[in-house]
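Trainee: Pasting in a structure now, in structure tokens, and then I'll have a few things to ask.
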Amino acid sequence: MLIFDGDYPMAHSALGLNRDLTLTLDELRTADANPSNIPFGCLPEMRRGGVYCALMKIAARRMRKDSILPGYRGKEVVYAAGKGQLALYRGLESTGEAVVVTTAGQLRELAGQWEQREGDSRLPVGFLIGMEGADPILTPGQVGEWWDDGVRVVSLTHYGRSRYAHGTGTGTEGGLLPPGPELLREMEACGMLLDTTHIADRSFWEALDHYSGPILASHQNCRALAPGERQFSDEQIRAVIERDGVVGASMDTWMLREKQDIDWARTADFSRRDYYAREEVTLEHIANHIDHICQLAGNSLHAGIGGDTDGQGGIDGAPLEIDSVADYGKLVPILERRGYSSEDVANVMYGNWHRFYTSYLPQ
């Protein structure tokens, strides 16, 4: 079965951690023997697991006085870092490793090629380009420039405050900042899709008031199952569903279990690995979040995979069964045992993301 990874910050893994993701996983781990961040994603593993397309992220934050994670000093540096990450994706396209997907037609054609593949066919992996936190967009008027560069999805924030809104790691307070509404208008005007992941509650609702286009949540779990402001409330999940959006279940362990004593306003002040032993979180927990979204929707049309591949700091931050991005396929028998039909399972593994993007990308 094909897989669509709804969130992959590959540029962070390649540039920030200096990895050659064209290597096999064994070669990659030998070259980067860092016991605190063991990679589980690379292009050969995506091909092995049938991951035909992923939302590849540009993730560059501005350093501010209240920043809870590292970032760049100076807005122009953030812009340059974002362009550099984009260049990585274009570079992989130029060597035949990938194809940057900007239209619905391209995505349909790519899926058709993968469905007909034979054996270990070395097909290019689809890269749909998204931006995690909008700091690289220096002004709302620059949205068109990034659109022309191939960016199709933007989230306003990452951890902490961005130029445009308040994000997770700041508690649930904080709405849009002054340039936010204009940015959203520019996004809607050109067809840029809004990713609501990582946004503070008040900013979430204000963003929906100012943006009437298609929305998604690339890697977002359920607050009802894992309390804390990083997850979405049922009301927020329903709002995404009502706009025909998809919610991608994140593989990040600290967003999957029931522990309630995380200080979500100070998420950078503790080690996630110390908080959750790898053995405590399994793919059954991922299935719980997928099922919760399906129950809220009343169908299987709005849940997907939002792997955040390597974004959680390697396999120690991922569920027990995940040693490689190819292991996402292990969800299939788990969902089948829970009574999901083959059509339902296909929806979750790739069909919902495929439908969403072929519906809302330029044709």
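The values are calculated or read from the model by the stated rules, or taken from the named source; none is laboratory data. Not measured: the values here are computed from a predicted model. Note that we place each Cβ from the backbone using ideal geometry, even for glycine, and neighbour counts take in every protein chain shown.
Trainee: Please work out which residue is farthest from residue 147 (Cα to Cα), limiting yourself to region 31-74 and to residues that are loosely packed, with under 15 Cβ neighbours inside 10 Å and not small (Gly, Ala, Ser). Show your work before the answer.
Mentor: Of the residues in region 31-74, the ones loosely packed, with under 15 Cβ neighbours inside 10 Å are 31, 33-36, 64-66, 69-70, 73-74.
Those still in the list that are not small (Gly, Ala, Ser) too: 34-35, 64-66, 69-70, 73.
Details: 34: 36, 35: 38, 64: 26, 65: 30, 66: 30, 69: 27, 70: 26, 73: 25 Å.
Per the criteria, the residue is 35.
Trainee: Can you name the number of the only condition in (1) touching a helix residue (DSSP H, G or I) at 6+ places or on another chain (Cβ under 8 Å); (2) assigned to a helix (DSSP H, G or I); (3) under 17 Å from residue 149 (Cα atoms); (4) among the hydrophobic types (A, V, I, L, M, F, W, C) that residue 81 fails?
Mentor: (1)
Trainee: Here are the criteria: (1) modelled with pLDDT of 95 or more; (2) over 16 Å from the mean Cα position of the chain (by Cα); (3) of a type in the set (A, V, I, L, M). Tell me which single one residue 262 does not satisfy.
Mentor: For residue 262, the failing item is (1).
Trainee: Right, here's the next one. Return the pairs, sorted by first residue and then second, in which the second residue is modelled with pLDDT of 95 or more and not in a helix (DSSP H, G or I), the first residue lies in region 233-251 and is surrounded by fewer than 18 Cβ atoms within 10 Å (Cβ to Cβ) and basic (Lys, Arg), the beta carbons are less than 6 Å apart, and the residues are 6+ apart or on different chains.
Mentor: Note: pairs meeting the criteria are 243/215.
Trainee: Can you tell me which residue among 32, 7 is under 25 Å from residue 113 (Cα atoms) and of a type outside the set (A, V, I, L, M, F, W, C)?
Mentor: Details: 32 fails: under 25 Å from residue 113 (Cα atoms).
Just one listed residue meets the conditions, 7.
Trainee: Residue 209 fails exactly one of the following numbered conditions: (1) without any contact (Cβ under 8 Å) to a residue 12 or more places away in the chain; (2) in a loop (DSSP other than H, G, I, E, B). What is the number of that condition?
Mentor: That leaves (2) as the condition not met.
Trainee: Of everything in region 28-47 that's outside any loop (DSSP other than H, G, I, E, B) and at pLDDT 95 or above, which residue is nearest to residue 83 (Cα to Cα)?
Mentor: So in region 28-47, the residues outside any loop (DSSP other than H, G, I, E, B) come out as 28-31, 43-47.
From what's left, at pLDDT 95 or above: 43-47.
On the way: 43: 21, 44: 25, 45: 26, 46: 24, 47: 26 Å.
Ranking the qualifying residues of region 28-47, first place goes to 43.
Trainee: Are there any pairs with C-beta distances below 8 angstrom linking a residue in region 99-125 that is within 16 Å of residue 358 (Cα to Cα) to a residue that is surrounded by fewer than 14 Cβ atoms within 10 Å (Cβ to Cβ) and of a type in the set (Ser, Thr, Tyr), with the two at least 6 apart or on different chains, and if so which?
Mentor: Going by the 8 Å Cβ cut-off, the qualifying pairs are 104/359.
Listed here are the residues, each with its yes/no results for (1) assigned to a loop (DSSP other than H, G, I, E, B); (2) buried (at least 24 other Cβ atoms within 10 Å of the Cβ).
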{"position": "106", "(1), (2)": "no, no"}
{"position": "112", "(1), (2)": "no, no"}
{"position": "118", "(1), (2)": "yes, no"}
{"position": "126", "(1), (2)": "no, yes"}
{"position": "134", "(1), (2)": "yes, yes"}
{"position": "165", "(1), (2)": "yes, yes"}
{"position": "174", "(1), (2)": "yes, no"}
{"position": "182", "(1), (2)": "no, no"}
{"position": "185", "(1), (2)": "no, no"}
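Trainee: Could you say whether any residue in region 216-226 is part of a loop (DSSP other than H, G, I, E, B), more than 19 Å from the chain's Cα centre (by Cα) and over 13 Å from residue 130 (Cα atoms)? It would help to see each step written out before you state the result.
Mentor: Initially, region 216-226 is screened for residues part of a loop (DSSP other than H, G, I, E, B), giving 218-221, 223-226.
Right, trim to more than 19 Å from the chain's Cα centre (by Cα) and you get 224-225.
Imposing the further condition that a residue be over 13 Å from residue 130 (Cα atoms) reduces the set to 224-225.
Yes, that holds for at least one residue.
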